[in-house]
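Visitor: Take a look at this one; I'll ask things after.
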Amino acid sequence: MIRYATAILGLFPGIAWAADTIETENPVANGLTVTWTPAKLGKAACASTDGFDITVKRTNISTTGDNPQFVTWWPGGTGACSGTLESDSLLGTLDLDASDTFWLGSTWLDIPSDLNPSGTVPTLNEAIVLARESGACTGTGVAGTTVRLCFAIDLTNNNAIDTASGTMLADPFGWVQFVVDTKPPPPPESPTVTPLDGKLSVKITDGTSSDSTYEDDDVASYRVMIRKLPTDATEAAKLPAEWTASETTSATDTSNEVTIDADNGVEYQVAAYALDDVDNESPASTVVTAKPQAECDVAECYPTGLLEPGYCGAAQGSLWGIALVGLALGYAWRRARVRGAA
Amino acid sequence: MTRTLMLAVCVSVVAFALPVFAAGNEPVATWGLELRLGQYRPEFGHQSLPGTDKTESDYYKLYFGKSSPIMTALEVDRYLASKVGLLGVYGRVGHWKASGKSKVCTESGAVVNCTSQTVWDGADGNTTTTFLVVPLTVGVIYRFDWLKKEWAIPLTAYGKAGYNYYLWWWSAGGETTTLNGKDAKGATGGLELSAGLALNLDWIEPSGGKRGAVFLDSNLFVDYTRSWADGFGDRKKINMSADQLTMGLSFDFE
């Protein structure tokens, strides 16, 4: 039974873990199991209203009576999720009494939708979490910083988080964490484009930069964007950021050689981008032009009808023959040896 | 066709499972393994190509040149008898690939589509086109190791006769291309004969030939193979026939 709920939001100051561990399940000690997505947050999360998919399940704790138990969430914390809360650090609470199915082990709590069910569900989205991480969405961004959301369940005295003193007590607690990376890779060097038959093959070399806005050596994939070269010089001079979506085609690959379909005989402008593992995208490379060309492979130019693909029906007779000869040979030798031994 | 292949597989399994008959207490080889390397270039065909003075063989050279890429193969031998020499059956699978460039044709400086007539004047394009062959062979093998056993001369002559089935694929840019509206892949069957000589390497591996050794014999061999793989006269099959000089290492196991 839900008795009451409250929701506040805040962060511990100075949260930063060096470890870049990606986890989406945390069998926390103290009897709780937590799962969550996403594991990583990129620069796009700074403006994202997407929520999180967080669930909590009891594993080996049990209620000690009919006292209210509070699921208490607050963003941030150190590795042990202990310390002093800021005054606005409490995300929300949920009163679970002894009859709640949570204690029967069959219920997962969905966070934050299960908090404050009788009132306003606290807002918890990617932008809110990153807004509390210093520098994540401002200035030069951060690379590989870990942010945690901590929670606790009070078993004894209804104050897993003492909201008055802001101190977390020794009740079951846990956390979910997200790696925050809001630095994109630097723009790639000018790509090398090889025109193929109905395709362009774009070879991309990682760029480097002394600009602290970018993170070197952090490329997970590449995107190539092409558009037909406009006949109007002003239009053709536009940077890739100004190209309209309707006139462009893109292809993405984890290899630094990206192949993209294009029409033979048409000249294209080509730009390349580098992306890290949270899809932070670099600025565009310099633009190059290329024109796919009609090519004739070994099959296309073979005179029609002279050669028939497919498998060999004539093999049947010979296979039978070889099979029988092999069997007869083995049998004959066996008989000969048996007679010899006798 | 599937049933025939299944039968062939079954017969091969039975043959490979038959026991070896030999007299005396000397350890006798019952299995053999060959690692083979040899140059290969298929004859490809001798038909004239319509509208040109070229042949199928010329067409192969246009795309893949005159080189003979290396074919690698793995062969397993099962010896069934060892009265005078070793008599058995063998199965082999190989791998061979030739690569070239697709062709680009131009007319008055502009790129145009090639045809089977104009392709001969085309220049190399940027797309790699590939001819992949996986030959499968089953047959009978005889190794005359009497000189080694009786006179300690480390030479073994051998001969093989087999049926081969060359699976092939044509691709461009890493994808199977099309021929006459179908996937450009197929197979050609045929026969082959081999003769070879193996130099025993016991002087390098003295423990060879004794019970408990990893292998009984190891040999460095060279053989000549003539294959007639033209689909038994089917002119619409790629002619995979070739003369092949192969060398490699072989091991015999108890």
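Read-outs: derived from the displayed coordinates by stated rules, not from any lab. Predicted, not measured: the structure shown is a model, and the values here were computed from it. When we count neighbours, we look across all protein chains shown, and the Cβ atoms used for this are built from the backbone with ideal geometry, even at glycine.
Visitor: Round to the nearest 0.05 the FRET efficiency obtained for A:K203 and B:Y142 when R0 = 60 Å and r is the Cβ-Cβ distance.
Guide: My answer for the efficiency is 0.65.
Visitor: How large is ³J(HN,Hα), in whole Hz, for each residue of region A:296-306 in order, when computed from phi with the Karplus curve 6.51 cos²θ - 1.76 cosθ + 1.60 and θ = phi - 60°, using x for Gly and Pro?
Guide: 10, 7, 4, 8, 4, 9, 6, x, 4, x, 7
Visitor: Let me ask something else about it. Using 1/(1 + (r/R0)^6) with R0 = 60 angstrom and r between the beta carbons of A:A131 and B:L220, what's the FRET efficiency to the nearest 0.05?
Guide: Working: r = 73 Å, r/R0 = 1.21.
Given R0 = 60 Å and the Cβ-Cβ separation, E is 0.25.
Visitor: By a straight-distance test (C-alpha under 30 Å), which lysines pair with A:K238 as possible cross-link partners, with residues fewer than eight away in the same chain excluded?
Guide: A:K43, A:K183, A:K199, A:K203, A:K228, A:K291
Visitor: When Rg is the radius of gyration of the Cα atoms in chain B and Rh is its Kirkwood radius, what does Rg/Rh come to?
Guide: On the way: Rg = 22.3 Å, Rh = 20.5 Å.
In chain B, Rg relative to Rh is 1.09.
Visitor: Something else about it: Between A:S48 and A:D277, what's the calculated FRET efficiency when r is the beta-carbon distance and R0 is 25 Å? Round to 0.05. Walk me through the numbers before you get to the answer.
Guide: On the way: r = 17 Å, r/R0 = 0.67.
FRET efficiency, A:S48 to A:D277: 0.90.
Visitor: Rounded to whole Hz and in sequence order, give me ³J(HN,Hα) for region A:185-191 from the Karplus expression 6.51 cos²θ - 1.76 cosθ + 1.60, θ = phi - 60°, writing x for Gly and Pro.
Guide: Per-residue couplings from phi come out as x, x, x, x, 5, 4, x Hz.
Visitor: Report the Stokes-Einstein translational diffusion coefficient (µm² s⁻¹, integer) for region A:192-290, Rh taken as the Kirkwood radius over Cα pairs, at 20 °C with viscosity 1.002 mPa s.
Guide: Answer, rounded: 153 µm²/s.
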